[in-house]
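Peer 1: The structure follows.
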Amino acid sequence: MKNTGYTRQLKLTIGEQIVTGTINDTEAGRAFASLLPITLTLSDYGKTEKASDLPHRLDLKSATSGYQPSTGDITYYITWGNLAIFYKDFTYSMGLVPIGRINGDLSALLNERLFAAKFELTD
């Protein structure tokens with residue numbers, strides 16, 4: 001993957017809905033982007049985020065020690081090795097690393113059941 005110094009464009013397909021976002025040009029963002037395209041099963045966690053296991057842990061050497069996520073943030077939780085997309089603001093959490101961000105409407109993520117989301121780069 002080329003390192004452009006800019007964020008990468010992301011597309012999530014959830015059923016018939018398309019959600020767009022960006023992936024940061026950081027170690028965590030590049031590690032996640034290397035897995036794409038990928039379809040993950042998202043589930044609700046804590047009525048705050050949608051979470052999914054990844055096929056393997058991301059190899060991060062210089063990740064932040066923690067992060068305070070905002071609505072729309074895509075993150076990686078080092079402790080459990082999973083992806084989390086926040087649909088509500090949350091408090092600072094140790095082991096949470098920002099990956100990117102969802103742009104705009106999050107309604108496609110507000111499903112209470114398990115659902116599949118295909119993540120792919122568009123640039």
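Each reported figure results from applying straightforward, stated rules to the coordinates on display, with no laboratory input. As the structure is a prediction and not an experimental result, all values here were calculated from the model. Cβ sites come from the backbone with ideal geometry, for glycine too, and all protein chains shown count toward neighbours.
Peer 1: When 1/r is averaged over all different Cα pairs and the result inverted, which Kirkwood radius in Å belongs to the stretch 8-121?
Peer 2: With all distinct Cα pairs of the stretch 8-121 included, I get 13.8 Å.
Peer 1: Nearest 0.05, what FRET efficiency do Asp89 and Ser65 give at R0 = 25 Å with Cβ-Cβ as r?
Peer 2: Result of the calculation: an efficiency of 0.80.
Peer 1: I would also like to ask the following. Which trypsin sites (Lys or Arg not before Pro) from the stretch 48-88 combine a DSSP loop assignment with at most 10 other Cβ atoms within 10 Å?
Peer 2: The qualifying sites are Lys61.
Peer 1: OK, next. Taking 7 Å along the Cα-to-C-beta vector as the label spot, tell me the Glu112-Ser34 distance in nanometres, rounded to one decimal.
Peer 2: That separation, rounded to one decimal, is 4.0 nm.
Peer 1: Given a 10 angstrom Cα cut-off, can you work out which residue in Gly100, Gly29, Gly46 is the most mobile in a GNM of the chain?
Peer 2: Gly46
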